[in-house]
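No lab work stands behind these numbers, since they all come straight from the coordinates. Note that the structure is predicted; figures quoted are calculated from it, not measured. Don't worry about glycine lacking a Cβ; one is built from the backbone with ideal geometry, like all the others, and counts go over all protein chains shown.
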Amino acid sequence: MKKLSANEIRKMWLDFFKSKNHYFLEPVSLVPVEDPSLLWINSGVATLKPYFDGRMNPPSPRLTNSQKSIRTNDIENVGVTARHQTMFEMLGNFSIGDYFKKEAIEFAWELLTSPKWFDIDPELLYITVFNEDKEAYDVWTKIIKIKEDHIFKGTRETNFWDVGQGPCGPNTEIFFDRGEKWDPKKIGSKLLKDDIENDRYIEIWNIVFSQFNNDGNNNYTELPRKNIDTGAGFERLVSIFQDAPTNFETDIFFPTIKQVEKMCSKEFKYSIDNYYNENKEQTKINTGFKVIADHVRAVVFAISDGVFPGNKDRGYIIRRLIRRSSVYGRKLGIKEAFLYKLVDKVIEAMKNFYPYLIEKKDIVKEVIKQEELRFLKTLSKGYEHLESIIKTEKKVSGKNALLLFESFGFPIELTTEIATQANVKIDLKGYEKLLEETKELARSSRKDDKAWNKQSAILTGLKEESEFVGYDLEECDSKINFIFEDESKLQSATNQVVFITLTKTPFYAEKGGQAADNGYLIDKQENRHLVMDVKNGPNGQHIHKVQVNGTLKIGDIVKASIDSEKRFYTMKNHSGTHILQAAIQEILGKEALQNGSYNDENGLRIDISYNRLPTVDELAKIHSVIAREINNKIPREIIYCSLKEAIDKHKALALFTEKYGENVRVIKFGSFSCELCGGTHVANTKDIEDLLITNVESKGSGVFRYHAVTSHKEVVNYLNEQFTKQKLEIQTLIDKFNNFKLKVKNKTIETQINEIMSLKVNKENVIVIKQKVNDLKNLFKIYQREIEELLIEEKLSQYSDISPIKKDNINWIELETNNLEMKEMKSLSDKLQNKFDNLIIMLWNIKEKVLVVSVNEAIAKDNSAIELFNNNKKFKVKGGGNSTFAQGKII
């Protein structure tokens with residue numbers, strides 16, 4: 001068996017199948033196109049679905065590829081097992097209605113065992129087939145001559161690919177025997193026969209014979225067009241050829257692991273010997289290295305394909321991978337942001353087949369670095385809370401471990417490590433049980449939380465007074481005067497979620513579009529009890545939803561302390577909402593009415609009733625008005641008065657979606673903005689700092705939702721992210737243009753690219769860059785056609801000297817064109833028809849198995865193209881056409 005690099009293995013696979021007339025499909029983005037059923041491209045065949053289901057014609061009935069894929073359903077196994085990867089490559093060869101079992105098996109065997117190719121000893125290869133698939137079994141045993149002790153019949157569970165309704169069929173798998181050192185109990189091939197998990201026999205090839213259709217009720221009928229879907233795990237093959245214990249000791253991942261070693265504390269080293277002489281502590285260390293090497297590779301590719309860290313869908317997965325890597329880095333002694341420093345190693349290993357990564361390097365580094373820094377800031381808050389728990393309780397309960405995870409993003413691995421170092425116990429079983437219940441509890445909390453039901457008897461009967469002091473204070477001493485859970489009043493609560501009212505509170509309760517405050521109730525023992533949410537009760541009291549950390553009882557004196565940073569940014573956004581509302585009315589008119597809003601520490605949104613979306617020019621004017629009022633440094637004024645006075649005298653804006661009492665609170669910013677509002681606000685418009693509308697979307701029925709962020713920091717972060725995203729989106733087009741601009745000049749596109757890349761990062765240009773990127777994409781559609789025409793012209797130039805042969809006063813050209821595709825053959829026939837009179841053309845491509853017949857219209861009456869096509873003496877064919885042109889397949 002040859003010693004091969006990863007790049008050599010991939011190249012050899014593709015070269016082999018190209019030699020068998022397979023069309024090479026370039027790898028595509030990890031983000032699926034027009035396939036809402038997939039979050040990621042998750043297999044080599046995922047990009048071929050339109051070909052297999054008949055929606056599109058493939059460029060060839062024989063295809064091969066090496067496709068990057070992502071799967072995150074078992075992310076916890078990454079680094080723990082030998083062969084789990086978040087991102088992986090699948091080597092594939094596919095037949096769409098062309099060859100079937102015999103050829104697929106023969107191809108596999110030739111590539112694996114031929115000295116010209118992989119040159120693996122046949123004695124090291126073992127086969128499994130579906131027990132009802134006699135055809136495949138006979139190919140293996142009678143044609144390939146596999147020994148009976150090297151082939152095993154599997155069940156429907158192990159050797160039949162079926163996902164419910166749709167195409168399905170049996171499969172055959174090929175395993176590589178790594179030897180007895182990976183089989184300590186010397187069980188041998190029984191591991192395969194009985195389908196026992198093991199490290200000796202590694203699956204390296206899987207051929208699915210798609211020959212049936214499942215109607216959804218497990219009734220199977222033969223497919224009229226049978227297909228082959230082959231998948232071979234690239235990383236697994238590399239580990240075999242490089243004799244690596246796992247996929248991670250290969251030239252794909254090991255350079256990254258060695259780079260991580262340089263960043264770690266000296267006591268942390270990766271040990272290959274650990275796989276042969278296992279030490280539990282070293283296994284944990286190895287796992288950390290592997291998780292980091294795997295995750296950073298996946299993140300580099302995902303960001304390069306346009307996926308940025310975020311709070312949902314693909315963005316959330318990338319954020320999770322970065323954070324998980326950061327945690328494992330900390331376990332290896334790395335305290336600062338480091339993941340972005342590994343990007344070079346990833347690109348070095350992968351650039352041979354994915355050269356576009358080189359151009360994306362700087363963007364990828366910056367995105368990862370910023371995400372790491374944000375997470376490190378979050379971790380510091382979690383550390384503070386965990387240290388308080390350890391100090392006061394001398395243990396970490398399952399509830400507190402879950403609280404750390406949910407409220408601070410604090411991973412359980414880190415909680416365990418810190419607890420162990422402090423020599424305190426952690427209730428991991430309790431944590432795992434609560435974690436399993438989290439989703440259901442969350443649903444219950446949102447949909448059926450009796451505490452927030454205003455008709456609840458315990459709430460409607462609540463008489464204890466509670467004073468809100470949060471306009472002036474961010475913390476105060478207070479007394480607990482009521483505790484309850486569901487419909488039960490409690491005298492005390494211990495390590496549980498309950499609802500509490502206080503004699504006075506700085507916590508703002510969610511109301512009027514402003515999110516509730518979070519924070520802590522701190523008792524005399526310095527226990528910190530997390531305030532998770534705050535709502536207004538039916539009798540006006542602020543009701544705090546609290547995760548009790550220890551014990552609280554009625555009458556206890558606590559310090560009520562809000563999260564000041566959350567309040568700080570929420571105030572900017574709430575005042576920003578008022579200013580935005582007034583600016584919209586100034587530009588669009590008083591008929592643009594607010595229809596609700598929401599603001600918290602992350603941003604704001606406001607719904608406006610209007611007859612249309614604002615224009616780009618109107619948005620620019622709205623921004624200009626907002627900037628004017630912020631620069632005017634208008635002080636906030638608070639007025640308490642009657643509802644009638646507020647509306648008649650102060651002209652305060654009152655929303656029909658809100659209910660007001662006789663006495664109201666008015667927030668004024670000079671003569672520019674005046675609204676009835678009970679929320680918290682900045683003292684001066686200058687404190688908003690900046691405001692940027694990030695999106696306007698239709699909510700239906702004449703309602704348009706404006707999204708915005710405030711403060712210099714958040715606006716700059718958003719602008720940098722958007723400009724980076726837009727430029728990344730067109731990088732492929734720029735690369736293609738640079739490749740062809742000397743052959744196909746286009747000054748307009750060149751100017752457009754230069755304008756986009758030179759745009760200054762500012763609020764005015766955030767809309768401009770989106771417009772220009774969209775314009776560039778439209779321009780490039782035309783340019784792409786010009787490129788295609790040029791390439792066709794270059795291909796056809798080799799046939800410029802062709803002359804016809806005269807037969808009975810008719811010009812004939814019969815030509816084999818094995819380097820031309822169907823559309824190029826049509827173009828060639830058109831060129832020749834324009835060049836010669838009374839011409840009959842017959843072109844064919846053995847590789848593509850296609851035939852084209854073209855006849856000059858002047859002689860088509862007596863020399864029909866379709867008749868010449870059907871009656872040709874060279875090939876058996878199937879196709880169609882008319883008297884002047886016919887085309888089809890050679891069968």
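If you average the sequence gap of Cα pairs under 8 Å that are 6 or more apart and divide by the length of the stretch 567-710, what percent do you get for the contact order?
31 percent
Could you order peptides 863-875, 473-485 by the average number of other Cβ atoms within 10 Å of their residues, highest first? Please list the in-between numbers first.
Details: 863-875: 16.0, 473-485: 17.9.
Per-residue mean Cβ counts within 10 Å order the peptides as 473-485, 863-875.
In nm, to one decimal, how far is the residue 729 label point from the residue 433 one, both placed 7 Å along Cα→Cβ?
5.0 nm
Quick one: grab the alpha carbon gyration tensor of the stretch 253-377, order the square roots of its eigenvalues as a ≥ b ≥ c, and give me rounded if a/c is under 1.5, else prolate or oblate depending on whether a/b is larger than b/c. Walk me through the numbers on the way to the answer.
Working: a/c = 2.01, a/b = 1.46, b/c = 1.37.
It is prolate, given that a/c is not under 1.5 and a/b is the larger ratio.
Going 7 Å from the Cα of residue 158 in the Cα-to-Cβ direction, what parts of the stretch 132-150 have a backbone nitrogen less than 19 Å from that spot?
The answer is 132-141, 146-150.
For the Cα atoms of the chain, what angle does the longest principal axis make with the long axis of helix 763-796, in degrees from 0 to 90, nearest 10?
That works out to roughly 0 degrees.
For the chain, what is the calculated [θ] at 222 nm in deg cm²/dmol (nearest 500), taking -39500 (n - 2.57) for each run of four or more DSSP H residues and dividing by its residue count? Write out the running numbers ahead of the final one.
Details: 25 runs with 338 residues, N = 891.
Result for the chain: -12000 deg cm²/dmol, rounded to the nearest 500.
Let me check I have the definition right: for the chain, take the eigenvalues of the Cα gyration tensor, multiply each by 5, take square roots. What are those semi-axes in whole Å, largest first? Intermediate results must be reported in sequence, preceding the final value.
On the way: eigenvalues 742, 319, 121 Å².
Working through the eigenvalues yields semi-axes of 61, 40, 25 Å.
Please give the contour-minus-distance gain from residue 215 to residue 195: 0.36 nm per residue of separation, less the Cα-Cα distance, rounded to one decimal in nm.
Extending this stretch completely gives an extra 4.3 nm.
Looking at the stretch 318-394, which trypsin sites (Lys or Arg not before Pro) are DSSP coil and have at most 10 other C-beta atoms within 10 Å of their C-beta? The partial results should precede the final answer.
Details: sites: 319, 320, 323, 324, 330, 331, 335, 341, 345, 351, 360, 361, 365, 369, 374, 377, 381, 391, 394; in loops: 335, 351, 394.
Here the trypsin sites (Lys or Arg not before Pro) that fit, given the DSSP loop and packing criteria, are 335.
Please report how far the C-alpha centroid of the stretch 157-181 lies from that of the stretch 474-519, rounded to the nearest whole angstrom.
Measuring centre to centre over Cα atoms gives 57 Å.
In whole angstrom, note down how far apart the Cα centers of the stretch 60-95 and the stretch 767-796 are.
After rounding, the separation between the Cα centres reads 32 Å.
Pull out a ≥ b ≥ c, the square roots of the eigenvalues of the alpha-carbon gyration tensor of the stretch 800-890, then state rounded if a/c is under 1.5, prolate if not and a/b is larger than b/c, and oblate in the remaining case. Don't jump to the answer; show the numbers that get you there.
Values: a/c = 1.67, a/b = 1.20, b/c = 1.39.
Here the stretch 800-890 falls in the oblate category.
Could you calculate the contour length gain from residue 775 to residue 642, that is, 0.36 nm times the residue separation minus the distance between their Cα atoms, to one decimal place in nm?
On the way: separation 133, 0.36 × 133 = 47.88 nm, distance 5.42 nm.
So the extension gain works out to 42.5 nm.
Taking 0.36 nm per residue of sequence separation and subtracting the Cα-Cα distance, how much length would be gained by fully extending the chain between residue 495 and residue 165, in nm to one decimal?
Working: separation 330, 0.36 × 330 = 118.80 nm, distance 4.87 nm.
My answer for the length gained is 113.9 nm.
Taking neighbour Cβ counts within 10 Å as the exposure measure, how do 99, 276, 471, 431 sort from fewest upward? Before the final figure, lay out the partial values.
On the way: 99 18, 276 10, 471 13, 431 23.
Ranking 99, 276, 471, 431 by Cβ neighbours within 10 Å, fewest first, gives 276, 471, 99, 431.
Cα axis of helix 712-729 to longest principal axis of the chain: angle in degrees, 0 to 90, nearest 10?
Here the helix axis deviates by roughly 10 degrees.
Could you compute the FRET efficiency for residue 366 and residue 785, with r as their C-beta to C-beta distance and R0 at 30 Å, rounded to 0.05? Before the final figure, lay out the partial values.
Working: r = 35 Å, r/R0 = 1.17.
Between residue 366 and residue 785 the formula returns 0.30.
When a/c is below 1.5 the answer is rounded, else prolate if a/b is larger than b/c, else oblate, so apply that to the stretch 636-769 with a ≥ b ≥ c taken from the square roots of the Cα gyration tensor eigenvalues.
prolate
Mean separation of Cα pairs under 8 Å and 6+ residues apart, divided by the residue count of the stretch 6-243: what relative contact order is that in percent?
Numbers: 429 pairs, mean separation 45.0, N = 238.
Worked out over the stretch 6-243, it gives 19 percent.
Determine the distance separating the Cα centre of the stretch 803-821 from the Cα centre of the stretch 335-408; give it in Å without decimals.
When both Cα centres are located, 66 Å separates them.
For the chain, take the longest principal axis of its alpha carbons; what is the angle in degrees between that and the long axis of helix 313-331, to the nearest 10 within 0 to 90?
Between helix and principal axis, roughly 80 degrees.
Between residue 38 and residue 762, what FRET efficiency comes out of the Förster formula 1/(1 + (r/R0)^6) with R0 = 22 Å and r the beta carbon distance, rounded to 0.05?
On the way: r = 37 Å, r/R0 = 1.66.
Computed FRET efficiency for residue 762 and residue 38 comes out at 0.05.
Restricting to DSSP loop positions (anything but H, G, I, E, B) with no more than 12 other Cβ atoms inside 10 Å of their own Cβ, which trypsin sites (Lys or Arg not before Pro) remain in the stretch 730-780?
743, 745, 760
Select from the stretch 562-602 those trypsin sites (Lys or Arg not before Pro) which occupy a DSSP coil region and have at most 12 other Cβ atoms within 10 Å, ordered by residue number.
Details: sites: 566, 567, 572, 590; in loops: 590.
Passing both the DSSP loop test and the Cβ count: 590.
Pairs of alpha-carbon atoms within less than 8 angstrom and 6+ residues apart define the contacts here; what relative contact order does the chain have, in percent? Don't skip to the end; give the middle numbers.
Values: 1563 pairs, mean separation 50.2, N = 891.
Dividing the mean separation by the residue count of the chain yields 6 percent.
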